[in-house]
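**Q** Please see the structure below; I have some questions.
Every read-out reported here was derived from the displayed coordinates using simple, explicitly stated rules and does not represent laboratory data. Nothing here was measured: the structure is a model prediction, and the numbers come from that model. Glycine also receives a Cβ, built like all others from the backbone with ideal geometry; neighbour counts cover every protein chain displayed.
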């Protein structure tokens with residue numbers, strides 16, 4: 001079962017950490033997964049029937 005979980009976990013494309021779902025609204029089926037280091041955020045929006053990806057760019 002551990003092998004299947006590793007295949008289905010979504011990772012941050014920048015730091016390769018597992019995405020967390022702590023900002024989701026389950027009543028509206030709006031699911032937001034984000035990197036624990038705030039590099040990347042992925043939203044599933046049911047009305048669009050698709051994903052929206054956000055990359056956070058660090059400016060110096």
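**Q** Take the stretch 1-17 and flag every residue that is farther than 14 Å from residue 54 by Cα and touching a residue at least 12 places away in the same chain (Cβ under 8 Å).
**A** Passing the criteria: 10, 15, 17.
**Q** Also, quick follow-up: When you look at residue 35, is it in contact with a strand residue (DSSP E or B) (Cβ under 6 Å, 6 or more places away or on another chain) and surrounded by 11 or more Cβ atoms within 10 Å (Cβ to Cβ), yes or no?
**A** no
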